[in-house]
Every structure is written in C-alpha cells, then in structure tokens.
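Structure first, commentary second.
Every number in this text was worked out from the coordinates using simple rules, so none of it is lab data. None of these values were measured; they are calculated from a predicted model. We place every Cβ from the backbone using ideal geometry, glycine too, and count neighbours over all the protein chains shown.
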Amino acid sequence: MANIIIRPDWHIPERLATPEAAFLNRRRFLRQLGRVGTGLVATTVAGSSSCCADAADSDAKPGGSNQVLNLSAAYPAPRNAEFSPAWTLTKEKVAGQYNNFYEFTLNKDVYRYVDKFISSPWPIQIGGLVDKPMSVDVQELVGMFGLEERVYRLRCVEAWAIIVPWTGFPFSKLIEKASPKPEAKFVRFETFNRPDQAPGFRQTPHYPWPYFEGLRLDEAMNPLTLVTAGIYGKPLPKQHGAPIRLVVPWKYGYKSIKSIVKIEFVAKQPTTFWETLQPDEYPFESNVNPAVPHPRWSQATERMIDTGDRVKTQLYNGYGKYVASLYPKR
Ligand SMILES: Nc1nc2c(c(=O)[nH]1)N[C@H]1C(S)=C(S)[C@@H](COP(=O)(O)O)O[C@H]1N2
Ligand SMILES: [Mo]
C-alpha cells in the first residue's frame with residue numbers, strides 16, 4: 001500500500017531539550033488541596049458510585065492524622081492561556097456518550113458499561129530505565145505536578161473529532177522527576193486488565209489485553225503531551241479514561257491511552273495494541289495526516305460528533321507549530 005506511513009529512521013536528539021513550563025500555578029493548586037507540609041494520604045473509596053465524580057471524592061482514613069488530598073477542590077483548574085482558542089467546544093454530554101474504550105464495549109455507548117469499574121484507589125507504577133522509579137497513587141501524582149486546563153482538538157482515526165477542555169499536567173514534568181537514563185529512548189504505557197470490572201475484555205478475548213501504547217521519548221517530552229485527570233472542569237468520567245490518561249493531540253486518538261496503570265521507560269521502540277492487531281492500519285507513529293488515507297477510508301476530512309459538521313483534517317491535527325520539528329522531511 002503506497003500511502004501508508006513509512007516508519008522513519010528516527011533521529012533522537014542527544015540532549016532532550018527541557019520544554020519551557022507553559023503555565024503552572026502549583027501554589028494555587030496546593031492551596032486548593034488544603035495541603036500543608038508533608039504527608040499526602042492516598043484516599044480509599046470503597047466500591048464505585050454510579051458515575052463520574054468518584055475519582056475525586058475522598059474520605060479520611062480512619063485514624064489518619066494527615067490531611068487528606070481533596071482533588072475535587074482542584075477543579076476547575078486555571079486555563080492555560082496558550083491553549084485557550086476561540087473554538088466552539090464539543091457539547092459535554094455528547095463527548096461523554098460517544099467514546100472509544102474497548103475494555104468496555106466495541107460500541108460508542110461506553111458510559112452504559114462503566115458502573116463496575118473501580119477507579120479509586122489507583123496506584124501507578126513508573127519505572128524501567130529511570131533513576132527514580134515510583135509507585136504512587138494517582139492523587140499523589142497529581143498533587144506533585146498540579147493541574148491546568150487546555151482546550152485541544154482530538155482526532156480519532158475513524159475520522160470523527162472533538163474539541164474539549166482537558167485538565168492535566170505536561171508529561172515532561174513527570175519525566176524530569178523520574179529522570180530517565182541516557183539509554184531510555186521510548187515510553188511504554190499500559191491500561192488496567194480487569195475483566196470482572198469491564199465487559200469488553202471477555203467480548204474480545206483474541207485482543208492482546210491489556211491495552212498498551214508508546215511514544216518516542218522526544219514526543220513524550222513535547223510540551224503538548226498531557227497527562228490528563230479531568231475534562232470539562234471536572235475529574236474524568238470513567239468513559240473518558242478515569243482516573244488518569246494521556247492526551248497526545250497531534251496523533252490519532254488511540255495513542256491517547258486511557259486509565260493508565262504503568263509507565264515504563266525503554267530503549268527499543270515498544271509495540272502497541274493496535275499495531276499488534278493491524279500494523280498496516282495503525283503504525284507506531286500515527287500522526288494525524290490528511291494526505292495519508294487509512295487503507296480503508298480517506299483521512300482528508302473529519303466529522304465533529306455533536307454538530308455533524310464535516311471539516312478539513314489538518315496535518316498534525318493543526319499542531320505543526322509544536323511538533324513539525326520532530327518529523328524532519330525524509
Ligand atoms: N485503554 C484504552 N485507551 C483508549 C482507547 C481504548 O479502547 N482503550 N481508545 C482510544 C481511542 S481509539 C480514542 S479515539 C480515544 C477516545 O477518547 P475519548 O473517548 O475520551 O474521546 O481514546 C483512546 N484511548
Ligand atoms: Mo480512535
């Protein structure tokens with residue numbers, strides 16, 4: 001197939017440039033958390049409530065003397081002025097009822113199947129080729145880096161698109177903290193694997209669960225790459241990837257892996273879930289590109305899911321200013 005993206009001979013710069021912190025109001029964030037001094041307590045929520053807010057709810061541990069992190073107090077987070085375009089947002093309800101999350105269902109009505117999914121507590125392992133591996137609960141992780149809001153476009157490979165305000169922090173901050181060794185050239189991400197909490201696993205036993213994805217380290221360090229805990233000024237509803245996901249807005253949506261449990265720094269390009277299933281259709285790089293059709297459909301235009309408007313797809317989903325330099329002409 002002539003038009004498939006050819007896997008490039010990647011050039012990884014010797015020195016990883018530290019992206020300028022675009023905007024972070026950590027002080028305000030910590031104040032909102034009501035956190036003073038040390039002793040973050042990861043909260044435990046027994047069972048799961050019906051929808052959406054449970055990732056933020058927190059209860060004091062019995063007998064615990066430390067202050068409890070109350071993430072709901074951190075919302076809405078301050079908007080980063082650099083990512084505050086005048087675009088019309090996709091309606092919240094539509095975005096929350098039209099999702100891809102194959103752990104639950106192959107259809108778009110993921111929100112109907114999420115009740116059993118327990119998204120708190122949520123330990124995350126960060127390791128591999130790093131000087132400072134960590135195992136932290138998501139609340140503690142978010143407490144380390146603070147939250148900001150950014151309006152991004154998200155383009156699914158299926159040619160639909162949304163414009164939504166995400167709440168998160170630049171992945172580069174976490175990478176700097178973990179301090180990758182010089183051999184680390186890629187990052188691998190993994191989602192939960194709980195067939196008892198999500199019905200999709202058993203409907204697709206031939207899929208290589210758990211869902212896994214990857215980025216080059218320089219893509220991971222790009223200031224656009226957002227570790228995301230919220231949407232529309234609230235903690236992520238389960239169907240959007242509670243309690244923590246990635247958002248990589250210049251790549252097709254499947255790179256924006258949901259409900260992450262593991263982040264690993266590796267030397268070799270990792271395989272990905274979709275690449276394992278269909279390498280010709282879902283290559284590792286997967287940058288949004290209107291000139292490269294999917295083998296089974298055009299990528300020249302996309303449909304906004306709430307209005308049905310058809311708009312022209314843009315190279316790198318319109319984020320060339322930030323990412324074109326990662327992909328020199330070849
Ligand atoms: N773990 C996991 N992450 C996932 C997916 C999935 O099936 N499982 N689907 C991806 C796809 S194809 C898209 S388009 C986006 C959709 O994100 P949204 O539902 O929040 O709009 O999530 C991505 N992340
Ligand atoms: Mo997608």
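Determine the shape class of the range 170-322: with a ≥ b ≥ c the square roots of the Cα gyration tensor eigenvalues, call it rounded for a/c under 1.5, and otherwise prolate if a/b is greater than b/c, oblate otherwise. Rounded shape, in that the Cα axes give a/c under 1.5. Basic side chains Lys and Arg get +1 at the Cβ, acidic Asp and Glu get -1 at the Cβ, and with that the dipole of the range 156-195 about its Cα centre reaches some 180 debye. Computed over the range 73-119, the quotient of the alpha carbon radius of gyration and 2.2 N^0.38 Å is 1.54. The gain in end-to-end length when the residue 310 to residue 203 segment is fully stretched comes to 35.3 nm, 0.36 nm per residue minus the alpha carbon separation. Label-to-label distance, residue 267 versus residue 177, with points set 7 angstrom from Cα along the beta-carbon direction: 2.8 nm. Of the peptides 249-257, 99-107, 193-201, the ranking by mean beta-carbon count within 10 Å, highest at the top, reads 249-257, 99-107, 193-201. For the range 238-262 and the range 305-326, what is the centre-to-centre distance using only Cα atoms, to the nearest Å? Value for the Cα centre distance between the two parts: 18 Å.
Based on DSSP, what percent of beta bridges with both residues in the range 61-179 are antiparallel, to the nearest 5? Just about 95 percent of them are antiparallel.
Of 108/258; 185/262; 181/329; 132/181; 93/238, which sit over 19 Å apart, Cα to Cα? The answer is 181/329.
Taking 0.36 nm per residue of separation and subtracting the Cα-Cα distance, full extension of the segment from residue 297 to residue 87 would add 72.9 nm. Is the shape of the range 130-216 rounded, prolate or oblate, going by the alpha carbon gyration tensor and its root eigenvalues a ≥ b ≥ c, with a/c under 1.5 for rounded and a/b larger than b/c for prolate? In terms of gyration-tensor shape, oblate.
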